[in-house]
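Beneath this line is the structure, given in structure tokens, with notes to follow.
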Amino acid sequence: MQPSNSGAGGHSRASGLYSGFAQTTPQGRPTRTVITIAQNTPVLVAIDIAKARHEVLIAVPGKKRRRRLTVLNELADFTRLITALKDYGRPVRAAFEATGNYHRALAYHLATAGFEVKLVSSVALARTREALHNSWDKNDPKDAQVILHMMEIGNEQFYHDPLVRGTNDIQELSKTHDIVSKSKTELWHRILTHYLPLYFPEADRFHRSSRSDWFFAFLERYPSPHFISAMSKDAFTADAWDVVGRKVAKERLLADIYETSKVSVGLPVALDSDAISMFRLVLGEGRSLIAQRNQIEARAVALLKDLPDYQLLTSIPGIGPINALTILAEAGDLRRFGHHRQFLKFCGMDLATIQSGTFRGQTKLSKYGNARLRRTLWMAGQVAILQRTNSFRDKFERYISKDRQNTHLRRKAYTAIAAKMARTVHGIIKNGEPYRPFFEG
């Protein structure tokens, strides 16, 4: 699960934790100021994350000198850091910038040790570093200083550990499904642009859906049209009958393929050639990826089918099992967003405008949020407007009614539908009510 950036948290020095009073002489002249620090004032721990080691900067309340540590990505060093922090006898608040998955192990150990774990925005960290040091120069100790400064002014965000929150399995299912789907798409494009133009250019028009593997199985059995045309029509129909699966008008489809193979311009390669072996190797990989994707989807449905939030999400047009899985994996508990604008900002679907003086730029999506979540909502909106009797299609039709051929207007309509999808997702989860067509809150 990608960490959440739903809002800032923490305390600053202006929050009343630090207090001071002046002592005076009998004549009323001040002598010195005594600073008292509350016992519950936390120790601030700024961590710059890296693959092999982490730079740690510790600020103890009441002490000007800051302590530096280099913590290797090893259990012994994690234990040493946790022991050192507990020895202060104060609450501990640690913050870091999420860096790939390298922060996950240390964050988990800090959270299970009872420390408060926070996150700092990568964009805010970069801007603050440039403002403080007047330079783009970047190194680990300097980043730790900037993170500590952001903690002192309260510029932190919530961090939700997937393992602690119980969403780790959902996240791994979602991410692995995404990886497998992308691999399958890349492989299919490789077949379309390399293998089919060489051996069976006309076969592309028989392919309809990427979700079934009958086309891969068919090409694996008949990688060249010359293997088909060498057989009689009846023999080919009988041989390929079970290969193409449960198709409507199967006999007509096979007859069309047979007639097409007789006039194909594909290269006449031998059945036992290395070229055909490589083609079949790639096709086998494609079938394996389809099987993996189907297995992940079946497991996702079995894991989530009894979850109330999953049932609410799948009641929305355009959101099926995988879209619901991605939303739950990337957003976590949507109830933590008090308003739908916070969720829109988390997705990167909030509007942003560059303005300076009399110049005002074009208003567009900020795209600073979760990219996978934004893509999922966009795709769900595309599916919803193709369905009947729902408010998404109704809004889209009203949006483009003035000029249906205007591509710029259609693009704006798609964006509006994606934003409406995000608001709907947040609303039904927060209110605990399923989707109702044409209801506008």
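The values are calculated or read from the model by the stated rules, or taken from the named source; none is laboratory data. The structure presented is a predicted model; accordingly, all values stated were derived computationally and were not measured. Positions of Cβ are generated from backbone atoms using ideal geometry, with glycine treated the same way; all protein chains shown enter the neighbour counts. Side chains are part of the model used for accessible areas, which takes the heavy atoms of the whole protein and leaves out ligands, DNA and RNA. Shrake-Rupley method; radii C 1.70, N 1.55, O 1.52, S 1.80 Å.
Kindly establish whether ASP242 is over 12 Å from TYR199 (Cα atoms), assigned to a helix (DSSP H, G or I), open to solvent by 50 Å² or more (accessible area, probe 1.4 Å) and not polar (S, T, N, Q).
Here the answer is no, as ASP242 does not meet what is asked.
Given TYR199, TYR195, which one is surrounded by 17 or more Cβ atoms within 10 Å (Cβ to Cβ), among the hydroxyl-bearing types (Ser, Thr, Tyr) and touching a Ser or Thr at 6+ places or on another chain (Cβ under 7 Å)?
TYR199
Of all residues in the stretch 98-124, which are under 14 Å from ASP48 (Cβ atoms), surrounded by fewer than 18 Cβ atoms within 10 Å (Cβ to Cβ) and in contact with a helix residue (DSSP H, G or I) (Cβ under 7 Å, 6 or more places away or on another chain)?
Hits for the stretch 98-124: nothing passes.
Hey, any hits in the stretch 57-65 for a residue that's in contact (Cβ under 8 Å) with a residue 60 or more places away in the chain and either within 18 Å of GLU156 (Cβ to Cβ) or open to solvent by less than 50 Å² (accessible area, probe 1.4 Å) (or both)?
Taking every residue of the stretch 57-65 in turn, at least one turns out to be in contact (Cβ under 8 Å) with a residue 60 or more places away in the chain and either within 18 Å of GLU156 (Cβ to Cβ) or open to solvent by less than 50 Å² (accessible area, probe 1.4 Å) (or both).
Within the bounds of the stretch 245-253, is there any residue that is within 15 Å of HIS207 (Cβ to Cβ) and small (Gly, Ala, Ser)?
Scanning the stretch 245-253 turns up at least one residue that is within 15 Å of HIS207 (Cβ to Cβ) and small (Gly, Ala, Ser).
Could you figure out which of (1) out of contact with any helix residue (DSSP H, G or I) (no Cβ under 8 Å at 6 or more places or on another chain); (2) hydrophobic (A, V, I, L, M, F, W, C); (3) open to solvent by less than 40 Å² (accessible area, probe 1.4 Å) isn't true of ILE179?
(3)
Determine, yes or no, whether ALA46 is part of a loop (DSSP other than H, G, I, E, B) and either of a type in the set (Asp, Glu) or closer than 19 Å to LYS142 by Cα (or both).
no
Considering only the stretch 305-331, how many residues are among the β-branched types (Val, Ile, Thr) and surrounded by fewer than 20 Cβ atoms within 10 Å (Cβ to Cβ)?
The number of residues fulfilling the criteria is 1.
Give the stretch 71-97 a look and list any residue that's open to solvent by 60 Å² or more (accessible area, probe 1.4 Å) and not in a loop (DSSP other than H, G, I, E, B), or say none.
Across the stretch 71-97, the qualifying residues are LEU72, LEU75, ALA76, THR79, ARG80, THR83, LYS86.
Return only the number of the condition from (1) in contact with a Ser or Thr (Cβ under 7 Å, 6 or more places away or on another chain); (2) assigned to a strand (DSSP E or B) that VAL146 does not satisfy.
(2)
When you look at PHE279, is it part of a helix (DSSP H, G or I), without any contact (Cβ under 8 Å) to a residue 60 or more places away in the chain, open to solvent by less than 20 Å² (accessible area, probe 1.4 Å) and farther than 30 Å from LEU328 by Cβ, yes or no?
no
What number of residues in the stretch 363-374 are surrounded by fewer than 15 Cβ atoms within 10 Å (Cβ to Cβ), farther than 13 Å from ALA416 by Cβ and basic (Lys, Arg)?
1
For the stretch 382-389, indicate whether the set of residues that are of a type in the set (A, V, I, L, M, F, W, C) and either within 20 Å of ILE170 (Cα to Cα) or surrounded by fewer than 16 Cβ atoms within 10 Å (Cβ to Cβ) (or both) is non-empty.
Checked the stretch 382-389: at least one residue is of a type in the set (A, V, I, L, M, F, W, C) and either within 20 Å of ILE170 (Cα to Cα) or surrounded by fewer than 16 Cβ atoms within 10 Å (Cβ to Cβ) (or both).
Only one residue in ASP143, ASP77, ASP87 is touching a strand residue (DSSP E or B) at 6+ places or on another chain (Cβ under 8 Å) and more than 13 Å from VAL45 (Cα to Cα), so which one is that?
After ruling out the rest, the residue left standing is ASP77.
Could you list, in sequence order, all residues of the stretch 147-169 that are surrounded by 14 or more Cβ atoms within 10 Å (Cβ to Cβ) and farther than 13 Å from LEU44 by Cβ?
GLN157, PHE158, TYR159, HIS160, ASP161, PRO162, LEU163, VAL164, ARG165, THR167, ASN168, ASP169
Would you point out the residue of the stretch 199-233, among those that are of a type in the set (Gly, Ala, Ser) and in a helix (DSSP H, G or I), that is farthest from ILE322 (Cα to Cα)?
My answer is SER229.
Could you list, in sequence order, all residues of the stretch 245-257 that are in a loop (DSSP other than H, G, I, E, B) and in contact (Cβ under 8 Å) with a residue 24 or more places away in the chain?
Correct list: GLY245, LYS247.
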